[in-house]
Amino acid sequence: MTPFAAALSGAALVGGLLLAALGLRPVADDGRPSPRPRRRPRLMAMILGDSLPDAARHRRRALLSCASAGGLVLWLVTGWAIAVLILPLLVVGLPALLRPPATATDVGRMTAIEQWTRSMSGVLTVGSGIEHALVASLGSAPAAIAPMVGTLVARLNARWSTDAALRAFADDLDDATGDLVAATLVLGTQRRGPGLAAVLDDLAATVAEEVRIRRGIEADRAKPRTTARWVTFLTLAVLGLLALNGSYIAPYKTPLGQVTLLVFLALYVGCLLWLREMTRGAPTPRFLPSIAPSRRRR
């Protein structure tokens with residue numbers, strides 16, 4: 001069988017499988033496919049860039065399409081059918097796997113919360129009320145939480161109650177540290193007693209210490225990722241040199257050899273995914289309940 005005939009047969013097989021999968025989808029009474037949430041496997045979602053902004057996701061998918069086309073051309077030229085999977089994985093999947101994952105705790109946001117809390121403490125020290133201090137803090141809010149603080153000020157100007165606005169502010173932050181600061185301010189609005197500035201100052205010191213600890217934890221988690229990255233680069237370099245030896249790669253040109261190579265690559269990718277999950281960490285659960293929409297303006 002010529003390489004072109006093999007490629008045509010493979011494309012026809014993949015197309016038939018896709019059509020069969022499409023025919024098995026449930027259909028509504030009007031003939032349209034019934035909607036259901038799209039949940040891709042984690043590796044596929046990572047490669048397609050589901051969590052990226054729209055522009056970056058479109059670039060990622062265009063690069064994936066080009067890599068897939070290049071793999072198909074390489075299959076036609078060399079007879080390596082596995083190139084259709086390997087080339088997109090090398091071009092798009094491998095950088096996504098080796099890139100540091102999003103941390104469970106956004107240290108930059110925690111730092112911004114700590115700075116904003118100190119700013120609030122300073123404004124309250126000069127005798128301002130809580131509402132005035134919240135509005136005044138917008139001008140010095142760090143960039144990481146400036147949109148949330150702006151929304152908080154807008155809600156106060158729209159005559160939301162301070163309690164409801166602060167609870168909605170905690171929902172916008174969606175962070176356990178933000179819950180702690182918001183809960184402190186809520187208690188301050190309910191009691192209206194002296195000492196809130198000192199409490200916020202102590203709270204800011206606590207958050208700063210937590211930020212320092214979190215930075216150390218993230219630095220320790222980065223070490224195995226760096227090791228895996230260098231091992232992967234060295235492995236690719238060695239495999240590239242061995243590929244120049246025709247007698248060494250000859251067994252992998254057979255169908256059984258390509259399936260065996262695919263199994264080895266799948267195991268290695270599985271190890272990288274496992275390492276990525278182990279170094280991701282779990283977010284600290286929130287303790288402040290979300291405010292119900294019906295209670296937001298009361």
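The values are calculated or read from the model by the stated rules, or taken from the named source; none is laboratory data. Given the structure is predicted, the values throughout are model-derived calculations rather than measurements. Heads up, the Cβs are rebuilt from the backbone with ideal geometry, glycines too, and the neighbour counts pull from every protein chain shown.
Only one residue in V231, V238, V211 is within 20 Å of I113 (Cα to Cα) and either β-branched (V, I, T) or not in a helix (DSSP H, G or I) (or both), so which one is that?
Values: V231 fails: within 20 Å of I113 (Cα to Cα); V238 fails: within 20 Å of I113 (Cα to Cα).
The conditions single out V211.
For residues in region 206-230 being more than 24 Å from the chain's Cα centre (by Cα) and either loosely packed, with under 12 Cβ neighbours inside 10 Å or touching a residue at least 12 places away in the same chain (Cβ under 8 Å) (or both), which is nearest to V181 (Cα to Cα)?
Initially, region 206-230 is screened for residues more than 24 Å from the chain's Cα centre (by Cα), giving 206, 208-209.
With the extra rule that they be either loosely packed, with under 12 Cβ neighbours inside 10 Å or touching a residue at least 12 places away in the same chain (Cβ under 8 Å) (or both), the set shrinks to 208-209.
Values: A208: 13, E209: 15 Å.
Result: A208.
Would you call L203 over 12 Å from L134 (Cα atoms), outside any loop (DSSP other than H, G, I, E, B), modelled with pLDDT of 85 or more and not polar (S, T, N, Q)?
Yes: the conditions hold for L203.
Could we say that S161 is touching a residue at least 12 places away in the same chain (Cβ under 8 Å), under 17 Å from V181 (Cβ atoms), of a type outside the set (D, E, K, R) and surrounded by 15 or more Cβ atoms within 10 Å (Cβ to Cβ) here?
Details: touching a residue at least 12 places away in the same chain (Cβ under 8 Å): yes; under 17 Å from V181 (Cβ atoms): no; of a type outside the set (D, E, K, R): yes; surrounded by 15 or more Cβ atoms within 10 Å (Cβ to Cβ): yes.
The answer is no for S161.
Of all residues being within 19 Å of L256 (Cα to Cα) and touching a Lys or Arg at 6+ places or on another chain (Cβ under 8 Å) in region 70-93, which is surrounded by the most Cβ atoms within 10 Å (Cβ to Cβ)? Just the residue, please.
W80
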